[in-house]
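The values are calculated or read from the model by the stated rules, or taken from the named source; none is laboratory data. Predicted model, so just to flag it, every value in this text is computed and none were measured. Ideal geometry is used to build each Cβ from the backbone, glycine not excepted, and the neighbour counts take in all protein chains shown. Accessible surface areas use protein heavy atoms only, side chains included; no ligands, DNA or RNA. Shrake-Rupley method; radii C 1.70, N 1.55, O 1.52, S 1.80 Å.
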Amino acid sequence: MTLKKFINNFEEYFCVWTMAIMTLLVFVQVVMRYVFSNSLSWSEEMARFIFLWLSWIGASYAVKERSHFRVEMFANMVPGAARRYFEYFVLLIWFVFSFILACIGTELVIFIAETGQRSAAMELPMIWPYASVPVGCLLMCIRLVIEVYKLWKGEPLGPIKNTAEEVH
């Protein structure tokens, strides 16, 4: 696998592996609790932190795949070339929102680091779960810039077609 392919598909790999790890953790927790009547003190907290990272990195991946939920009513009312400008506007607003969220998230992570907060069960510094917000939003900003570039190059609007669906 080339470095370019890994970087281009980082979010996908990350989401697959974190989902697998989180599923395994929850499964082990259930088995420990109901089969052995002895639960792990840290697994639920770890699964929750992994879920945070999965959600925010997954939001970036959804930008790449053009699979975020959208209300198409207004976009469908805009005809022809004006539709592209409408899409630029939507991507710009989305970028600004993600960038502001990344900035505020970074400020929160810095605050949490200064206070030295730790998680209850694992004693993990709380900057790790909170860092998922700025990291995910910055990745989303990068993906949104790429989407603007694709739109400028003339790629078709709408979701990316799955080639597996076309074969069947």
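Descriptive notes on the structure:
- Checking (1) -0.72, -0.97, -1.05, -1.18; (2) -0.53, -0.82, -0.92, -1.13; (3) -0.59, -0.85, -0.94, -1.14 against log10 I(q)/I(0) by the Debye sum over Cα atoms at q = 0.12, 0.15, 0.16, 0.18 Å⁻¹ calculated from these atoms, the matching label is (1).
- Exposed GluC sites (Glu not before Pro) absent - longest run of the chain, DSSP non-H/G/I/E/B, at most 14 other C-beta within 10 Å: 1-71
- Relative to the Cα centre, the charge distribution of the chain, modelled as +1 at Lys and Arg Cβ and -1 at Asp and Glu Cβ, gives a dipole magnitude of about 380 debye.
- Solvent-accessible area, 1.4 Å probe, carbon plus sulfur percent, for the range 1-148: 74 percent
- Other residues with beta-carbon under 15 Å from the beta-carbon of Gly154 carry, at +1 per Lys or Arg and -1 per Asp or Glu, a net charge of +1.
- Ligands, DNA and RNA are left out, and with a 1.4 angstrom probe the accessible area of the range 29-168 is 67 Å² per residue.
- Crossing angle, helix 80-115 versus the chain [Cα axis fit, 0-90 degrees, rounded to tens]: 20 degrees
- Placing one equal scatterer on every Cα of the range 1-40 and applying the Debye formula, the log10 ratio I(q)/I(0) at q = 0.16, 0.21, 0.22 Å⁻¹ is -0.52, -0.65, -0.67.
- When the P(r) is computed for the range 22-98, the part past 15 Å accounts for 70% of the Cα-Cα pairs.
- Qualifying chymotrypsin sites (Phe, Trp or Tyr not before Pro) for the range 39-144 [loop in DSSP, other Cβ within 10 Å: at most 13]: Phe69
- Computed E for Val90/Ser55 - FRET, C-beta separation, R0 25 angstrom, nearest 0.05: 0.70
- The range 36-107-the range 110-130 distance, computed between alpha-carbon centres (Å): 24 Å
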